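One structure is given below, encoded as structure tokens.
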Amino acid sequence: MKQSTFLSPTLRDVPSDAEVKSHQLMLRAGLIRQSSAGVYSFLPLGLKVLKKVENIIREEMDRSGAQELLMPAIQPAELWQESGRWDVYGPELMRVRDRHQREFALGPTHEEVITSLIRDDINSYKRLPMTLYQIQSKFRDERRPRFGILRSREFLMKDAYSFDRDFDGLDESYNKMYEAYSNVFTRCGLDFRAVVADSGAMGGKDTHEFMVLSEIGEDTIAYSNESSFAANVEIAPVHTEYEKSSEALRELEKTDTPDRRTIEEVASFLEMSPEKLIKSMLFKVDGEPVLVLVRGDHEVNDVKIKHVLDAQVVELAGEDDTAAELNSVTGFAGPLNVPGHVRVLADHAVKAVVNGVCGANERDRHYVNVNPGRDFEPERYEDLRMIQKGDPSPDGKGTIEFKEGIEVGHVFKLGTRYSESMKASYLDENGKAQPIVMGSYGIGVSRTVAAIVEQHNDDNGIIWPASVAPFDVHLIPVNLKQEAQKTLAEGLYSELQQSFDVLYDDRAERPGVKFKDSDLYGVPVRVTVGKKADEGIVEVKVRSEEEKTEVHRDELADTIRQLLKK
Ligand code: 9G3
């Protein structure tokens, strides 16, 4: 490809609204351009990388036995009404009307469409197992699109769906897909972890997220420093054993804590450590008031509340709810004398509190010398807190540390969540109708490109792994006015194109500009034609290294092959 004709405008300056490295570099190297908030065009250079990632995904999907198809982006509302999700999703689900005023969704995912597709065609156990996948634009009207294509409103996703006769079959399909994902992200040159994750509103049980380690990641991974344990912090289980102190129980007392509401304020006012405090937070769980208790030095985990109570919606109650439901005041809520209709759940750590402190459900008043079991009894003790750094790893090996991650893949065991609601069943050997057991598996294809840039860059630009680079070789003549350089460069351009994807910088630009652009583009191997052109000698430099070596044109192709490990 001749650079003089190539549309990939580079920018010298860092765009002010780009906060993270990948967004900055993808704009500066001319890979993407914003069309509207969270909506981007992929320019030729960016599209070449996107296609490379797509093809790695295709190869691994096909290798796993999945079949590619392509579903429509426009989805009739009726399908989402059948699955019961039309009213679950709010403004994030982009909706349009056709000329007859019929309602459609712009597909954010395709469980409904694929289930309606296969229920008409899969009717015998003989057709199972089957896994189908597509690579297609998805639409999600994110409230806050940010970080370029890391969180955009239109993005490219590979979404796959597996269909099995039973849960054992699903386990097999799931494990095949899990392995395919590991292959994909390894081949893309990513440092990633597969972490146990929350199945969110997807229902289903097992689910894993594939996280690319990056400090700008929006997800937090809790992992063990001594084992392979890794989980999304949202659902990481806490297996800590709590020592109950042997101090004598003292008499319960109410005390003044004027305008001291937070754990820190109350702890310092009463000169007690936060571990002696019982934090009481009122939640509305599917509309019902639930008071959740955790130790003062811990955080409530609302995802765990949702799982423990098998709820759809869990949200923190507001001030007026606290007043009305709990007959209390925010900052002074507590588990003593709670109205009967308010359920009280406590994290395991609360059980070991002795002579603790809690709100008195009165303004400016707290109880001291509170003892669970004597002064109050929660409905039950559960694991309801966020895991913390330093906690013992749930598998008993090592302690927990945190790392940020970018979610690039997510695999779910859906079970019969969609096949039941949408009546997708198969006839078993006895002719009995059984619901198909499903899995769903996503990779953010465009997000993966950005994640690769996040992990492969330096101050001068992108450093593409050879497997996804837009070109193999960047061929740069220093001065095309020099006959020897021009002849050698053009000769090499046509010769190297036999075996490599070559970007030829045929522009009449100063060398400095050419090299700056070359560093931005991040093509793995750079061949510079310069002073020794008349001896047939060029300079070869690998983008990820400093050194430059002189190579005779006759050894050039082999040298490049070796460098690309092609
Ligand atoms: C929606 C909107 C946003 C959504 C969903 C539905 C996320 C939604 C979860 C999934 C699960 C899997 C198949 C590929 C892998 C992920 N955001 N999810 O269902 F209506 Cl607006 O998409 N789907």
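At 1.4 Å probe radius, can you tell me the per residue accessible area of segment 331-370 in Å²?
On a per-residue basis, segment 331-370 sits at 31 Å².
Using the Karplus curve 6.51 cos²θ - 1.76 cosθ + 1.60 with θ = phi - 60°, what ³J(HN,Hα) values do you get for each residue of segment 264-276, in whole Hz, with x for Gly and Pro?
Result, rounded to whole Hz: 4, 4, 5, 4, 6, 4, 8, 6, 10, 7, x, 5, 8.
Return one number: the angle in degrees, 0 to 90 and rounded to the nearest 10, between the long axis of the Cα atoms of helix 511-521 and the longest principal axis of the Cα atoms of the chain.
Taking the Cα atoms of the chain, the angle to 511-521 is about 40 degrees.
Kindly report the accessible area of segment 384-511 per residue (heavy atoms of protein chains, probe 1.4 Å, no ligands, DNA or RNA), in Å².
For segment 384-511, the solvent-accessible area averages 38 Å² per residue.
Using only helices, what value at 222 nm comes out for the chain when you add -39,500 (n - 2.57) per DSSP H run of length 4 or more and divide by the total residues, to the nearest 500 deg cm²/dmol?
Calculated at 222 nm, the ellipticity per residue is -7500 deg cm²/dmol.
Express in whole angstrom the spacing between the alpha-carbon centres of segment 415-491 and segment 310-345.
47 Å
Would any residue of segment 257-288 have its amide N under 16 Å from a label point 7 Å out along Cα→Cβ of Glu319? List them or say none.
In segment 257-288, the label zone of Glu319 (backbone N under 16 Å from the point 7 Å along Cα→Cβ) covers 259-262, 282.
Specify which residue in the list Gln482, Trp464, Leu11 is farthest towards the positive end of the charge dipole of the chain, using unit charges on the beta carbon of Lys, Arg (+1) and Asp, Glu (-1), about the Cα centre.
Gln482
Taking amide H atoms as placed 1.01 Å from N in the peptide plane, list the residues 5 or more away in sequence, or in a different chain, whose amide H sits under 5 Å from that of Arg365.
So Arg365 has HN proximity to Thr257, Ala360.
Could you bin all the Cα-Cα distances of segment 387-504 into 5 Å bins starting at 0 and give me the percent of pairs in each, rounded to whole numbers?
With 5 Å bins starting at 0, P(r) equals 2, 8, 9, 8, 8, 10, 10, 9, 8, 8, 6, 5, 4, 3, 1, 1, 0.
Heavy-atom accessible area of Val20 with all protein chains present, probe 1.4 Å, nearest 10 Å²?
Approximately 10 Å² for this residue.
What trypsin sites (Lys or Arg not before Pro) does segment 382-452 have in DSSP loop regions with at most 16 other beta carbons within 10 Å?
When the trypsin sites (Lys or Arg not before Pro) of segment 382-452 are filtered for loop state and at most 16 Cβ neighbours within 10 Å, Lys389, Lys397, Lys423, Lys432 remain.
Placing unit charges on C-beta atoms (Lys and Arg positive, Asp and Glu negative, everything else neutral), compute the dipole magnitude of segment 253-382 about its Cα centre in debye, rounded to 20.
Computed charge dipole of segment 253-382: roughly 340 debye.
What angle do you read, to the nearest 10 degrees and between 0 and 90, between the alpha-carbon axis of helix 167-187 and the longest principal axis of the chain?
It is inclined by approximately 50 degrees.
How large is log10 I(q)/I(0) at q = 0.17 Å⁻¹ when the Debye formula is applied to the Cα atoms of segment 471-564, each weighted equally and without solvent?
Taken in order of the listed q values, log10 I(q)/I(0) reads -0.64.
Leaving out ligands, DNA and RNA, and with a 1.4 Å probe, what % of the accessible surface on segment 253-382 is carbon or sulfur?
Carbon and sulfur atoms account for 44 percent of the accessible area of segment 253-382.
Using Stokes-Einstein with the Kirkwood hydrodynamic radius over Cα pairs, what translational diffusion coefficient do you get for the chain at 37 °C and a viscosity of 0.692 mPa s, in µm²/s rounded to a whole number?
Approximately 120 µm²/s, per Stokes-Einstein.
Just add up the charged neighbours of Val53: K/R +1, D/E -1, any other residue whose Cβ is under 12 Å from the Cβ of Val53.
+4
Along the positive direction of the dipole of the chain (beta-carbon charges: Lys, Arg +1; Asp, Glu -1; about the Cα centre), which of Val96, Ala194, Ser273 reaches farthest?
Projecting each Cα onto the dipole axis, the largest value belongs to Val96.
Which angle from 0 to 90°, rounded to the nearest 10, does the C-alpha axis of helix 445-455 make with the longest principal axis of the chain?
80 degrees
If you average the C-alpha positions of segment 501-559 and of segment 82-155 separately, how far apart do those two centres end up, in angstrom?
46 Å
Dipole magnitude of the chain about its Cα centre, charges +1 at Lys/Arg Cβ and -1 at Asp/Glu Cβ only, in debye to the nearest 20?
Result for the chain is approximately 1700 debye, rounded to the nearest 20.
Using a 1.4 Å probe over the heavy atoms of the protein chains, calculate the carbon and sulfur portion of the accessible area of segment 471-564 as a whole percent.
It is 45 percent, rounded to a whole number.
Test of understanding: extend the Cα→C-beta vector of Ala433 to 7 Å, then name every residue of segment 87-121 with backbone N under 14 Å from that spot.
119-121
Treat every Asp and Glu Cβ in segment 20-167 as -1 and every Lys and Arg Cβ as +1, leave all other atoms uncharged, and give the resulting dipole magnitude about the Cα centre to the nearest 20 debye.
900 debye
Step through the table entries Lys176/Lys565; Lys284/Lys351; Lys48/Lys176; Lys306/Lys351, compare each Cα-Cα distance with 25 Å, and write down the pairs that go over it.
Over 25 Å apart, Cα to Cα: Lys176/Lys565; Lys48/Lys176.
Stretched out fully, how many nm does the piece from Ser137 to Lys351 gain, at 0.36 nm a residue minus the Cα gap?
72.1 nm
Just in segment 383-471: which GluC sites (Glu not before Pro) are loop by DSSP and have at most 16 other Cβ atoms within 10 Å?
Here the GluC sites (Glu not before Pro) that fit, given the DSSP loop and packing criteria, are Glu429.
Could you list the GluC sites (Glu not before Pro) in segment 468-552 that lie in coil according to DSSP, counting only those with at most 12 other Cβ atoms within 10 Å of their Cβ?
Counting only loop positions with at most 12 other Cβ atoms within 10 Å, the GluC sites (Glu not before Pro) in segment 468-552 are Glu545, Glu546, Glu547.
May I ask which residue of Ser421, Thr255, Gly444 lies farthest towards the positive end of the charge dipole of the chain, with charges of +1 (Lys, Arg) and -1 (Asp, Glu) on Cβ and the Cα centre as origin?
Of the listed residues, the answer is Gly444.
Carbon-plus-sulfur fraction of the accessible area of segment 178-249, 1.4 Å probe, in percent?
48 percent
The values are calculated or read from the model by the stated rules, or taken from the named source; none is laboratory data. Note that the structure is a prediction, hence the values are computed from the model and not measured. Please note: Cβ atoms are built from the backbone with ideal geometry, for glycine as well, and neighbour counts cover all protein chains shown. Just so you know, the surface numbers come from the protein's heavy atoms only, side chains and all, with ligands and any DNA or RNA stripped out. Shrake-Rupley method; radii C 1.70, N 1.55, O 1.52, S 1.80 Å.
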